[in-house]
Amino acid sequence: MIANEQRRLVPTRRAAPEDIQLVRKLNLRALVALYGGPSRLADRIGYGGPSFVCQMTSGKKAITEKTIRKIEKELGLPYGWMDLY
């Protein structure tokens, strides 16, 4: 089911450097919705609880390059997917 849902999330343009945090946050929010909430997404990407995911989606924590690539890898998304809109 998730694979079919991921096909609907097909961003196509790379974000400009000044917009990267916003684009990553919006893509992360879309994944939270797709996976049924921050707890389920956190479990899927190997975090112990939803707090880090919630902090990133709210903008309280910056979404680093290392973190975003881990999320892509754990979810089987192509490298750079989280930077596209």
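Throughout, read-outs are computed from the coordinates displayed, never taken from laboratory work. This one's a predicted model, so the numbers in the text were calculated from it and none came from an experiment. So basically every Cβ, Gly included, is an ideal-geometry build from the backbone, and we count neighbours across all protein chains shown.
Observations on the structure shown:
- The fewest-to-most ranking of Glu18, Glu65, Glu72 by surrounding Cβ atoms within 10 Å reads Glu18, Glu65, Glu72.
- Residue exposure sequence - Thr67, Thr12, Thr57 - by fewest surrounding Cβ within 10 Å: Thr12, Thr67, Thr57
- Size of charge dipole - the chain - debye, nearest 20, with Cβ of Lys, Arg +1 and Asp, Glu -1, no other charges: 40 debye
- Relative packing of peptides 46-52, 76-82 - highest average C-beta neighbours within 10 Å first: 76-82, 46-52
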